[in-house]
1. Within the range 30-51, how many residues are in contact with a helix residue (DSSP H, G or I) (Cβ under 9 Å, 6 or more places away or on another chain) and either exposed (fewer than 12 other Cβ atoms within 10 Å of the Cβ) or under 24 Å from residue 98 (Cβ atoms) (or both)?
2. Test residue 174 against the criterion of being within 11 Å of the ligand (Cβ to nearest atom), crowded, with 16+ Cβ neighbours inside 10 Å and outside any helix (DSSP H, G or I), and give yes or no.
3. Select from the range 24-49 the residues that are away from the ligand (no atom under 16 Å from the Cβ) and within 19 Å of residue 109 (Cβ to Cβ) and list them in ascending order.
4. Take the residues in the range 14-29 that are outside any loop (DSSP other than H, G, I, E, B) and touching a strand residue (DSSP E or B) at 6+ places or on another chain (Cβ under 8 Å); name whichever of them is surrounded by the fewest Cβ atoms within 10 Å (Cβ to Cβ).
5. Restricting to the range 118-145, name every residue that is in a helix (DSSP H, G or I), touching a strand residue (DSSP E or B) at 6+ places or on another chain (Cβ under 6 Å) and within 7 Å of the ligand (Cβ to nearest atom).
6. Taking the condition within 14 Å of the ligand (Cβ to nearest atom) and part of a strand (DSSP E or B), does residue 161 pass?
7. Taking the conditions exactly as written (exposed (fewer than 15 other Cβ atoms within 10 Å of the Cβ), touching a strand residue (DSSP E or B) at 6+ places or on another chain (Cβ under 9 Å), free of Cβ contacts under 8 Å to residues at least 60 places away in the same chain and within 23 Å of residue 138 (Cα to Cα)), does residue 69 satisfy them or not?
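Only the coordinates and a few stated rules stand behind these numbers; no lab work does. Just so it is clear, the model here is predicted, and its values are computed rather than measured. Neighbour counts run over all protein chains shown; Cβ positions are idealised from the backbone, glycine included.
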Ligand SMILES: CC(C)(COP(=O)(O)OP(=O)(O)OC[C@H]1O[C@@H](n2cnc3c(N)ncnc32)[C@H](O)[C@@H]1OP(=O)(O)O)[C@@H](O)C(=O)NCCC(=O)NCCS
């Protein structure tokens, strides 16, 4: 069973041990570091390296966790934060049934099953709260992310063309969603 409260000991597909747990306000710095590292790769995230100040992001994440209005799950290994999934909810009456997912795993912890588990945790949270839909945007060439989302039952909703500018390039955004009300997990 996927839990969104409390800590759970896990074993990665390659045998390494990690823990799935809710984020704590004190994770702000470690999470901002993780996001900065992944941005440095320059491929997967909308924000470019250096576009966000790490201390302000750390503060903002700490406040977000403290507010307890979003889901923040953390993957921890050997005392380090190695992964995160965030589900934010737009409080408007017309949109409060929708969670928006973002996810990030440290480079040396990818492809060992953590992302799939974190997405499952996000889906469990959406269901628990009686929400209907979990949505996200992904670059269409992020095949690994798309494979994880499709494995977890997400469907393709459409493409927003040339939605983001990255240096001199315009990149499309594939919109995907999972519906809690449909059959299956
Ligand atoms: C995308 C991401 C969240 C996935 O998490 P992860 O922990 O690496 O994913 P998992 O290990 O659970 O699953 C990865 C699956 O994708 C498969 N995969 C890897 N590369 C692939 C590719 N190019 N095409 C298709 N499938 C691929 C793996 O084989 C694996 O499937 P398997 O378990 O059946 O072998 C993670 O890699 C990540 O944070 N990447 C960088 C940031 C990012 O892209 N965030 C999402 C932005 S929308």
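1. First pass over the range 30-51, keeping only residues in contact with a helix residue (DSSP H, G or I) (Cβ under 9 Å, 6 or more places away or on another chain): 30-33, 35-38, 41, 44-45, 47-51.
From what is left, the residues that are either exposed (fewer than 12 other Cβ atoms within 10 Å of the Cβ) or under 24 Å from residue 98 (Cβ atoms) (or both) are 31, 35, 41, 44-45, 47, 50-51.
Residues that pass the stated criteria total 8.
2. On the way: within 11 Å of the ligand (Cβ to nearest atom): yes; crowded, with 16+ Cβ neighbours inside 10 Å: yes; outside any helix (DSSP H, G or I): yes.
The answer is yes for residue 174.
3. Taking the range 24-49 as the starting set, the residues that turn out to be away from the ligand (no atom under 16 Å from the Cβ) are 24-29.
Scanning the range 24-49 gives 27, 29.
4. The first filter runs over the range 14-29 and keeps only residues outside any loop (DSSP other than H, G, I, E, B), leaving 17-22, 25-29.
Of the ones still in play, those that are also touching a strand residue (DSSP E or B) at 6+ places or on another chain (Cβ under 8 Å) are 17-22, 27.
Values: 17: 10, 18: 23, 19: 15, 20: 23, 21: 20, 22: 18, 27: 21.
Looking at the filtered set, the residue picked out is 17.
5. Once the filter is applied, which keeps residues that are in a helix (DSSP H, G or I), touching a strand residue (DSSP E or B) at 6+ places or on another chain (Cβ under 6 Å) and within 7 Å of the ligand (Cβ to nearest atom), the range 118-145 yields only 145.
6. Numbers: within 14 Å of the ligand (Cβ to nearest atom): no; part of a strand (DSSP E or B): yes.
It is false that residue 161 is within 14 Å of the ligand (Cβ to nearest atom) and part of a strand (DSSP E or B).
7. When the stated conditions are applied, residue 69 does not pass them.
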